[in-house]
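What follows is one structure encoded as structure tokens, with my remarks underneath.
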Amino acid sequence: MPAPRHWLVKSEPDFFSFADLMAAPGRRTMWDGVRNHQAKLFLRDGMSLGDGVLFYHSNAEPPGVAGLARVASETYADPTQFDPASPYFDPKAKPEAPTWFLRDIEAVEALATFVPLATLKSSTKLSGMLLLQKGSRLSVTPVTAPEWREVLRLGGLKAR
DNA sequence: GCCAACGTTGGC
DNA sequence: GCCAACGTTGGC
């Protein structure tokens with residue numbers, strides 16, 4: 001698979017919003033807690049340092065894309081899998097052979113206008129977007145270059 | 001709060 | 001390996 005240059009990650013804004021990322025030290029955070037193997041593979045093997053990331057608010061009113069981020073680290077083991085106090089603790093994970101991996105994500109900028117899910121759905125250019133496919137629940141998905149450009153256009157940003 | 005669509009678990 | 005039961009996601 002040729003490496004996609006763009007991704008979409010979901011976050012519940014009540015838990016961690018794009019504004020929270022902008023306000024974080026260095027405007028960055030560990031994208032921890034991913035506990036789905038397909039999403040893990042995208043994080044560990046699919047992403048490259050500097051790839052563009054659409055930051056999507058799920059379980060929100062309304063749901064939609066709030067901002068742009070970038071992949072800000074190489075992959076490394078998600079430390080929460082080894083922390084019994086963490087909700088993401090995985091008793092089967094072994095430090096010598098970690099199960100779960102992550103990347104750091106760094107905020108770039110908010111979209112000029114939030115792009116609600118309904119707007120994404122109304123764009124024929126986004127009809128193939130993985131996020132919009134029936135039954136799609138992955139929290140990390142690849143985004144094609146045309147999809148990326150279209151979301152930026154809808155969000156009122158020039159292509160970058 | 002409802003529920004469709006998935007993923008995971010565990011008995012067998 | 002099958003599959004029913006259960007848990008989770010996430011839009012509405």
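Computed from the coordinates by the stated procedures, all read-outs in this text should not be read as laboratory data. What you see is a predicted model, and the numbers here were worked out from it, not measured in a lab. Using ideal geometry, Cβ is built from the backbone for each residue, glycine included, and neighbour counts are taken over all protein chains shown.
List of remarks:
- Counting Lys and Arg as +1 and Asp and Glu as -1 over every other residue whose Cβ lies under 15 Å from the Cβ of A:LEU21, the net charge comes to -2.
- Counting only DSSP H runs of at least 4 residues, each contributing -39500 (n - 2.57), and dividing by the residue count of chain A, the helix-based mean residue ellipticity at 222 nm comes to -4000 deg cm²/dmol.
- Cβ crowding within 10 Å averaged over residues, with A:137-144, A:44-51 ranked highest first: A:137-144, A:44-51
- Restricting region A:59-160 to GluC sites (Glu not before Pro) that sit in a DSSP loop and have at most 14 other Cβ atoms within 10 Å of their own Cβ leaves A:GLU74, A:GLU96.
- Modelled spin-label separation between A:PHE15 and A:LEU49, with each label point placed 7 Å from Cα along the Cα-to-Cβ direction: 2.9 nm.
- Only Lys, Arg, Asp and Glu carry charge here, each on its Cβ (+1 for the first two, -1 for the last two); on that basis region A:6-154 has a dipole of about 480 debye about its Cα centre.
- Rg of the Cα atoms in chain A, relative to 2.2 N^0.38 Å, amounts to 1.02.
- Per-pair calculated FRET efficiency, R0 = 25 Å: A:ALA118 and A:ARG153 via Cβ, rounded to 0.05: 0.95
- Approximate spin-label separation A:TYR76-A:SER58, in nm, with each point projected 7 Å along Cα-to-Cβ: 2.6 nm
- Note on region A:7-73: Cα-only Rg and Dmax are 11.7, 32 Å.
- Label-point separation, A:ALA145 to A:ALA97 (7 Å along Cα→Cβ), nm: 4.0 nm
- Total lysine pairs whose alpha carbons fall under 27 Å of each other in region A:4-160 (8 or more apart, or interchain): 15
- Between the Cα long axis of helix A:145-154 and the first principal axis of chain A there is an angle of about 60°, rounded to the nearest 10.
- Estimated from the Cβ-Cβ distance and a Förster radius of 35 angstrom, the FRET efficiency linking A:PHE89 and A:GLU109 is about 0.55.
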